[in-house]
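Contents: one structure, followed by commentary.
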Amino acid sequence: MAHHIQDSTYAASISDPEAFWSHQASQLHWHKPPSSALRKTNKTFKAKDGTNISHPHWTWFPDGEISTSYNCLDRHVHAGNGEVVAIVWDSPVTGSKEEWTYSQVLREVEILAGVLREEGVRKGDVVLVYMPMIPATIFVLLACARLGAIHAVVFGGFSAPALAQRIDASKPRAIMTASCGIDGAKPPMGYRSFIEGALAKSTHQPYRTIIWQRDQLRWDPVRKETGERNWQRLVKSARNRGLKADCVPVKSNDGLYIIYTRTTGLPKGVLREAAGHAVGLNLSIKYLFGIHGPGDVMFCASDLGWVVGHSYIAYAPLLAGATTVLFEGKPVGTPDAGTFWRVIEENKVNTLFTAPTALRAIRRDDGENDFFSKRGKAGGLKSLRALFLAGERSEPSIVTMYQQLLKDYCAPGAVVVDNWWSSESGSPITGIALSATAGKQYQSSARAGHLAIKPGSAGKAMPGFDVRVVDDSGKEVQRGSMGNIVLGVPLAPSGMTTLWQDEERFYKSYLKRFEGKWIDTGDAGMIDEEGYVSIMSRADDIINVAAHRFSTGKFDSPLRAIEQAITSHHDVAEACVVGIPDDLKGHLPFAFVTLSTPDHPEAAVPDDKLFKEVQQAVRSQIGAIASLGGMIQGKGMIPKTRSGKTLRRVLRELIENAVHGDFAKEVQVPSTIEDADVVAVARTRIKEYFERKGKDLHRATEQRAKL
Ligand code: AMP
C-alpha cells in the first residue's frame, strides 16, 4: 500500500531532520543563512542545591540570523504584494471593521518600532503587552520583533496580582496597554486599575507604560511623571518627524517571545526562539492549515493572549503572506450565535480555527444550527475549507455534526480537524495536514489529498514531533494502549528549548520524569495501529470509583464521557463533572449542569424527574459505575479559562470543601479564568444544594443506591 504523503513527510522529518528543516528554512529570508539545521548537544547547569545536572539539548539553525518582522511584512511588500490585505479587524463589540494592507501594516510597525526605540526599548529587552483584540496589538508584536525585543503578552483583563507576578518574572522595560478591553456584551473594562494595581504590587517597575486610548473608555489623565505615555500621540509625533525603525536581525536562538502557561503557582515562562518559530509556523500554516499566501484567509477565533492566537492570528498567516481575521467578539452574544458564520461569509474565510467550547456555546444557543444552515443554503459559506479545533478534546458528536454541516454547505471536501498542542509546542503536535505540497519532494508516489479523519482522535504527528506513548517507567507501550504521551528530543523547531531564565524548572517540569529521554507533555492518551493519536485529559481529570481508575474503555476522558451522556438529555445545555469524595466508594461523579430551558429554574437542586432521567442516561450510556452522586443546576456556574477549558479543578475544590462543611474556604482560582464571578455563583449554588440535601454525602449515596 502506498504511504500517504503525510506519513512520508513525517518520516522524512524524523529520519533526516537536517535535510527536511534546511529545505523548510530556505523558504524564508535570512539576514545570515544558518550553516546547518540542527545541532544536538548536552546542556549542563548548576541546580539551586549545588548539584550539576546535564540533559539533552538541541539548537535549531545555529549561527543563522533572521528577522521575523521582515519575514512577516517587508518580504511580502518587496515581492509586490503590498496591496494584499494583511489584517481584517472585525469587532462586533465596537461595531467596527477595518482592513489593513501589508504596506499599511509595515508603515505602522516601522513607526511604532521607532517609537519604542525612542522610549528606551533595545534588542533583548522585554516588552509586556496587556491589550485587547485590536490591530495595534499585532503592530506591537511585530514592532518588538523588529527591534529584536522580546514580547510577553498577558491576557488583557488578567487580575492585578497575576499581572504583577508576570511583571516580576519578565522584568519588562515597557508595558504596552490600552485604556480598556471590551469583553463580549459587557461594558468596557478599564485596564488602568489592573495596571496600577499590578505595579503597586510588583517589585520591578517598567520605564514606560504606553497606553492606546480607546474612545469607549479613556485612560484619564495620562500621568507623565509615572512614565505613562499616550500611544497615539507618540505615533503621531513620530510620523510627523519621519521616525521609523528598520529590522534588527537576531540570532536564530534569541527569544522572540515569552508566553506564560499552566498558571497554578508561579507562572511558567515558555521561551520561543526566533528562527525555529518562523520556520515551524511557515510550514504549519501551509501544510496543516492549507493557507498558502495572497488570496487565502485565516480566521483564528482565539485571543492574542493565548499561544493559538500568537501563532495563528498574528504570526503564521503573515509569514505566509495571507489575510488574517482579527475578531473582537465572542462566539455567542455579539450579537448572536451566528457571528462566526457572518465573519466567514463577509471575509470569504478559508480556514476557521476555534476551540470546541466555542462550538458548544453556539450549540447551546442555536441547537438546530439555524444560523449556519441559513447562510449555508444561500451559498454564503462556500469559501470554508476547514474547521480546526484545539484547546481540549473535541467529542466525536461535535466533530461529526460539523463535518455534516461542512459537507452540506462549504467547500467540496471541507474537513473538521481536531489538533493537539500546547504553549510549549508552539504549533500543532498532531493533526490532519490539509495540503501536502510543503513536503511533496519527499514522496512523489504518495497519494494526494488529506488523510481521513477519525472523530475523537487528534490526527497524526506533525513534522518534527516524535510522539510516543510510554508507561510510568518510560517504556513504550503497544500501539492501542493508553499511557503517558511524551515527545522525543529534539522538539520540532516551533517548540520551546527552555523556560525564560529558569533552566532548572525547565528540566524539572519536562525532562526529569523520564530522565532526559523523553519530554513529558503532561497529557495521557494512545496511538492506534495506523498512527492516529487520541488525547485523554490530564491526570487531573481522572477519578477513582471503588478503587478502579475509572475509565470508559474508549479514549474519552471518563469525566467528559459522563458529561456527554448528561448533555444528551434534551434539557441540559452544558455539564461539568467532578469527583466528589465518598465514604464508600472513594469518589463519585458529581455533575454541575446548566439547562437549556428558556426560564432557568432558580433552585440549585434539580427536580427529581430531571435527575432520574439524567442518571438513566449516564447508566445506560456508560454503566452503573458512573452513576452520579448528585447534581447541581444553575446558570453561569461553570468556570472556564479564556481559552475555553473547563476549570474542573475549581469546582472540585469547592465541592470537596463543601463536603467538609466549609463553604467559604478560599479556592485556587487560576488567573486564566474568563470570569471570576462564576466562582461565587458556583459557591452559592453548592451551599444551597448542601443546605437542602444535608451536609453529609450518605444522603447522596442513598439517593444513588435507590436508583
Ligand atoms: P495550553 O498550553 O494552554 O495551550 O494547553 C495545552 C493543553 O491543552 C494540552 O496539554 C492538552 O491538555 C490540551 N489540549 C490542547 N489541544 C487539545 C486537543 N486537540 N485534544 C485534547 N487536549 C488538548
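The values are calculated or read from the model by the stated rules, or taken from the named source; none is laboratory data. Given the structure is predicted, the values throughout are model-derived calculations rather than measurements. Positions of Cβ are backbone-derived with ideal geometry, glycine not excepted, and every protein chain shown enters the neighbour counts. Areas reflect the complete protein model, heavy atoms only, side chains present, ligands, DNA and RNA absent. Shrake-Rupley method; radii C 1.70, N 1.55, O 1.52, S 1.80 Å.
A few notes on this one:
- Applying a threshold of 22 Å to the alpha-carbon distances of LYS374/LYS407; LYS377/LYS640; LYS201/LYS330; LYS97/LYS645; LYS665/LYS687; LYS46/LYS475 flags LYS377/LYS640; LYS201/LYS330; LYS97/LYS645; LYS46/LYS475 as lying beyond it.
- Cα-Cα pairs of the chain separated by more than 52 Å (percent): 8 percent
- Most positive-pole-ward Cα, GLY380, THR357, HIS310, against dipole of region 307-403 from beta carbon charges: GLY380
- Environment charge of LYS32, counting only residues whose C-beta is closer than 10 Å and scoring Lys/Arg +1, Asp/Glu -1: -1
- Heavy-atom accessible surface of region 174-219: percent carbon and sulfur, 1.4 Å: 56 percent
- Given R0 = 41 Å, the distance between the Cβ atoms of HIS78 and LYS40 translates into a calculated FRET efficiency of 0.70.
- Extension gain from ALA411 to GLU196, taking 0.36 nm per residue of separation minus the Cα-Cα distance: 72.5 nm
- What the chain shows is 38 Å² of accessible area per residue, with the surface traced by a 1.4 Å probe over protein heavy atoms.
- Beta bridge orientation in region 559-706: antiparallel %, DSSP, nearest 5: 75 percent
- Stokes-Einstein diffusion coefficient of region 559-706, Kirkwood radius over Cα pairs, 37 °C, 0.692 mPa s, in µm²/s: 216 µm²/s
- Scaling against 2.2 N^0.38 Å puts the C-alpha radius of gyration of region 1-78 at 1.53.
- DSSP bridge analysis restricted to the chain gives an antiparallel fraction near 60%, rounded to the nearest 5.
- Gained length - LYS693 relative to LYS186, 0.36 nm times residue gap less alpha-carbon distance: 179.0 nm
- DSSP-loop trypsin sites (Lys or Arg not before Pro) across region 43-114, with at most 11 other Cβ within 10 angstrom: LYS48
- On the beta carbon distance between THR94 and VAL477, with R0 = 51 Å, the FRET formula returns roughly 0.50.
- Region 306-411: GluC sites (Glu not before Pro) in DSSP loop, at most 10 other beta carbons within 10 Å: GLU368
- Nearest-20 debye value, the chain charge dipole, Cβ charges on Lys, Arg, Asp, Glu: 860 debye
- Counting protein heavy atoms only, region 254-312 has 52 percent of its accessible area on carbon and sulfur, 1.4 angstrom probe.
- Structural descriptor for region 559-706: relative contact order 24 percent, calculated from alpha carbon pairs under 8 angstrom and at least 6 residues apart.
- Compared with the alpha-carbon gap, the fully stretched path from LYS609 to LEU584 is longer by 6.4 nm at 0.36 nm per residue.
- The label point for ASP215 and the one for GLN621, both projected 7 Å from the Cα toward the Cβ, are 4.7 nm apart.
- Whole-number percent relative contact order across the chain, with pairs defined as alpha carbons under 8 Å at least 6 apart: 11 percent
- In region 559-706, the portion of solvent-accessible area held by carbon and sulfur atoms comes to 49 percent [1.4 Å probe, whole percent, DNA, RNA and ligands not counted].
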